[in-house]
Amino acid sequence: MANNVHAQARATAVLEAPVIGPGHDFETVTETVAQIPLAKRTPLGWVLGFLIGLSLLMLLQASLGYLVVKGIGIWGTNIPVGWAFPIVNFVWWIGIGHAGTLISAILLLFKQQWRMSISRFAEAMTIFAVACAAIFPVFHTGRPWLAAYWLFPYPNTMALWPQFRSPLIWDVFAVSTYATVSIVFWYVGLVPDLATMRDRAASRVKKVVFGLFSLGWRGSARHWHRYEVASLILAGLSTPLVLSVHTVVSFDFAVSVMPGWHATIFPPYFVAGAIYSGFAMVLTLAIPIRAAYRLEDLITMRHIDNMAKVMLATGLMVGYGYTMEAFYAWYSGSFYEQQMMWNRMFGPYGWSYWMLISINVGMVQFLWFKSVRENTKLLFVISLLVNVGMWLERFVIVVTTLARDFIPSSWGMYYPTFWDFATYFGTIGLFLTLFFLFIRFVPMISMFEVRTLLPQAKVETDHHGGH
Amino acid sequence: MGGTEAMAHAAERENPLYGVMAEFDSVQALVDASKRAVAAGFTKMEAYSPIPVEELNDIIHRKRTKLSQIVLAGGLTGMATGFAMQYWMSAVDYPMNIGGRPYATWTAFVVPSYELTILFSALAAAIGMFALNGLPQPYHPVFNVERFSMASSDKFFLVIESADPRFDHGGTTRFLGEQGAKGVYDVAA
């Protein structure tokens, strides 16, 4: 009985765990966030992190420069594995982006208030991840300067149009729409906060720059009314969009007839995997940032706990996907499907399959324990490993199927080269560089949304009867 | 007395007044003051707050935005553009027999059309919101009041414009002062 009461008290405590630390008002919340981009001194940790990102970005420039000069032969990608690192990395980055849209759009529609303090930088993560993703298919064409008319319906002198019956072209539309809408949604969300920055900036340059980007926002009742309607509509539009993006990405595989790809489970399985890896990336970024910038009051343990739970839930869905893949391979009765699954588990790339299973099915179970979810250091390591696991998942899907298809005479192994890794780590550099610039120059937490969470923001409509 | 009043009038003509601005400490005070100003018969006014307050629009403007209709029009345009473009390119301008399928494979055209529907709707929502709000707008008289820089942090403001038929400088200033304002300022045009 006493135990029961204790459990109940704990349950209430969890339910009421604040999404914002105690003792805050409008001014302290605003100051906590606004002082980071307005600070004159740049923290040393920022400089070091930025330099790491910038070095890797230069590696990307070198890799892509060499690729343009030499051709994609510098990568290990070759027949039969004509889709290798570029597609693995593309799907990995696109997937990471999904958590940002889930947090900013889907959780907005569900009125999940805890999303407010993490949505801004999760959305930034989305935009930067999509930018990294886009590099791969464009450069995988080998002649990126021709990609304009290969990928888009661009009126060219040969009067050729894209092949609209191909999922690859659907992907172009899905990803470019996703990138555009994510940027628009992010910028719309920024405008009121940029106005706050304009009003608080001390230096003339910052006043002018923030002033230009805030477009003259005044926060009038009419402004806010239209703004709220626009935000809700954008969230409503982003929700079906984000679900469609990874669905279309999975069509690249599912619409083909290759064993291991031709499966109806692919769309939901890909979307779940995308959100799983995206939340892992949000945690990977949020845990060090909240510690470095002392944002524990705004990104509370409740946020960390919720994100870990979402990661666990989507991780279990992904695990279900792996189970069903194996089950269908057996149940299909198709010799080629069964051979593919056996080869995936015990063939030359078997190590990658078992690594992925041990992370995404095994390790993720630790998140059932509250003590693990409360340990930010451990959670940081887990979220990093989840990113590795999800990268391996795409590697397994892409490479094992292509390396051994229907006829043994067409089998062949794939080995990544130095330039494969250089390009991949180079995009991580691009991501880090953009992210470090973002946290230095843009308010990384949505100040106006967090203000609405404070008791100060409550209005009683029938107060004083209005006379 | 008459002399100073004439001087004030002359000054007003030289520095035309946009309106009078009252500063409040809480969102509740702003909502209450807005209600009383509406009850007092003022029509040309605007409330400014660092957070969205849906009640203020209901009290002062009493009408919803037509943004949702703009977005619907944008979405339908996007869908029509998607289908028309793909049909024209695949069936009219350069028909190509691919695997014996019909030229107008509308089921395959669904995905790009779906994406263009969302793209056009989202752009209509964002651009429509900014356009209806009259943004970008580099200059607005309210920015002439120094205290107004707090409107984006933690202070709340109510402006009654001089264009209001019931506006009279002294009377309106007094009215706003009686509503519990922490300060009442003239807003130069």
How many residues does the stretch A:86-130 hold that are among the small types (G, A, S) and in contact with a Leu (Cβ under 7 Å, 6 or more places away or on another chain)? 1
Is there a residue in the stretch A:296-308 that is under 20 Å from the mean Cα position of the chain (by Cα), surrounded by fewer than 19 Cβ atoms within 10 Å (Cβ to Cβ) and at negative phi? yes
Among all residue pairs at least 6 apart or on different chains, which show Cβ distances below 9 Å where the first residue, located in the stretch B:57-68, is at the interface with chain A (Cβ under 7 Å from one of its Cβ atoms) and the second is in a loop (DSSP other than H, G, I, E, B) and of a type outside the set (V, I, T)? B:N57/B:K63; B:N57/B:R64
Read through the list (1) under 14 Å from B:G128 (Cβ atoms); (2) surrounded by 23 or more Cβ atoms within 10 Å (Cβ to Cβ), then give the number of the only condition that B:G82 fails. (1)
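Residues are listed down the side, and each one gets a yes or a no for (1) under 21 Å from the mean Cα position of the chain (by Cα); (2) of a type in the set (V, I, T):
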| position | (1), (2) |
| --- | --- |
| A:I407 | no, yes |
| A:Y414 | no, no |
| A:F418 | no, no |
| A:F421 | yes, no |
| A:L432 | yes, no |
| A:R440 | yes, no |
| A:F448 | no, no |
Matching residues in the stretch B:25-54 - criterion: being of a type in the set (F, W, Y) and within 12 Å of chain A (Cβ to nearest Cβ): B:Y48
Of residues in the stretch B:18-32 being of a type in the set (D, E) and either out of contact with any Asp or Glu (no Cβ under 9 Å at 6 or more places or on another chain) or free of Cβ contacts under 8 Å to residues at least 40 places away in the same chain (or both), the one nearest to B:A188 (Cα to Cα): B:E23
Write out, first by first residue and then by second, each pair whose Cβ atoms fall under 7 Å of each other, whose residues are 6+ apart or on separate chains, and whose first residue, in the stretch B:82-97, is without any contact (Cβ under 8 Å) to a residue 40 or more places away in the chain and more than 8 Å from chain A (Cβ to nearest Cβ) while the second is outside any helix (DSSP H, G or I) and not hydroxyl-bearing (S, T, Y). B:Y87/B:A104; B:A91/B:A104
Please state which of the following conditions A:T12 fails to meet, knowing it meets all the rest: (1) modelled with pLDDT of 85 or more; (2) surrounded by fewer than 20 Cβ atoms within 10 Å (Cβ to Cβ). (1)
So, first residue part of a helix (DSSP H, G or I) in the stretch A:195-216, second residue exposed (fewer than 15 other Cβ atoms within 10 Å of the Cβ) and among the β-branched types (V, I, T), Cβ within less than 9 Å, six or more apart or across chains; the pairs are A:R198/A:V208
B:A73: touching a residue at least 12 places away in the same chain (Cβ under 8 Å), more than 10 Å from chain A (Cβ to nearest Cβ), over 26 Å from A:V191 (Cα atoms) and surrounded by fewer than 18 Cβ atoms within 10 Å (Cβ to Cβ), yes or no? no
Hey, can you tell me all the residues within the stretch B:157-185 that are among the acidic types (D, E) and part of a loop (DSSP other than H, G, I, E, B)? B:D164, B:D168
Run down A:P137, A:P167 and say which single residue is under 26 Å from the mean Cα position of the chain (by Cα), in contact (Cβ under 8 Å) with a residue 12 or more places away in the chain and more than 9 Å from chain B (Cβ to nearest Cβ). A:P137
Residues located in the stretch A:45-99, provided they are more than 21 Å from A:T400 (Cβ to Cβ) and part of a loop (DSSP other than H, G, I, E, B): A:G71
Which of the residues belonging to the stretch A:217-265 are surrounded by 21 or more Cβ atoms within 10 Å (Cβ to Cβ), part of a loop (DSSP other than H, G, I, E, B) and in contact (Cβ under 8 Å) with a residue 60 or more places away in the chain? A:P259, A:G260
Can we say A:G278 is farther than 18 Å from A:F435 by Cβ and small (G, A, S)? no
Residue ID - surrounded by the most Cβ atoms within 10 Å (Cβ to Cβ), chosen from residues in the stretch A:67-95 that are under 13 Å from A:P137 (Cβ atoms) and among the polar types (S, T, N, Q): A:N89
Given the criterion at pLDDT below 85 and more than 19 Å from A:E449 (Cβ to Cβ), identify the matching residue among A:K70, A:K40. A:K40
Number of positions in the stretch B:129-156 that are more than 9 Å from every other protein chain (Cβ to nearest Cβ) and either within 15 Å of the chain's Cα centre (by Cα) or assigned to a strand (DSSP E or B) (or both): 2
Where a residue in the stretch A:53-77 is more than 21 Å from A:A147 (Cα to Cα) and its partner, wherever it lies, is aromatic (F, W, Y) and exposed (fewer than 13 other Cβ atoms within 10 Å of the Cβ), with Cβ under 8 Å and at least six apart: A:G76/A:Y415
Considering residues that are in a helix (DSSP H, G or I) and in contact with a helix residue (DSSP H, G or I) (Cβ under 8 Å, 6 or more places away or on another chain), the number found within the stretch A:424-464 is 27
Every listed condition ((1) facing chain B (nearest Cβ under 10 Å); (2) of a type in the set (S, T, Y); (3) without any contact (Cβ under 8 Å) to a residue 40 or more places away in the chain) holds for A:Y149 save (1)
Which number in (1) within 8 Å of another protein chain (Cβ to nearest Cβ); (2) within 30 Å of B:D32 (Cβ to Cβ) marks the one condition that B:S121 misses? (2)
Test: A:F85 is more than 17 Å from the chain's Cα centre (by Cα) and within 25 Å of A:I275 (Cβ to Cβ): yes
Got a sec? Which of A:L430, A:L453, A:L437 is more than 14 Å from chain B (Cβ to nearest Cβ) and surrounded by 18 or more Cβ atoms within 10 Å (Cβ to Cβ)? A:L430
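The values are calculated or read from the model by the stated rules, or taken from the named source; none is laboratory data. Remember, it's a predicted structure, so these values are computed and weren't measured experimentally. Note that we place each Cβ from the backbone using ideal geometry, even for glycine, and neighbour counts take in every protein chain shown.
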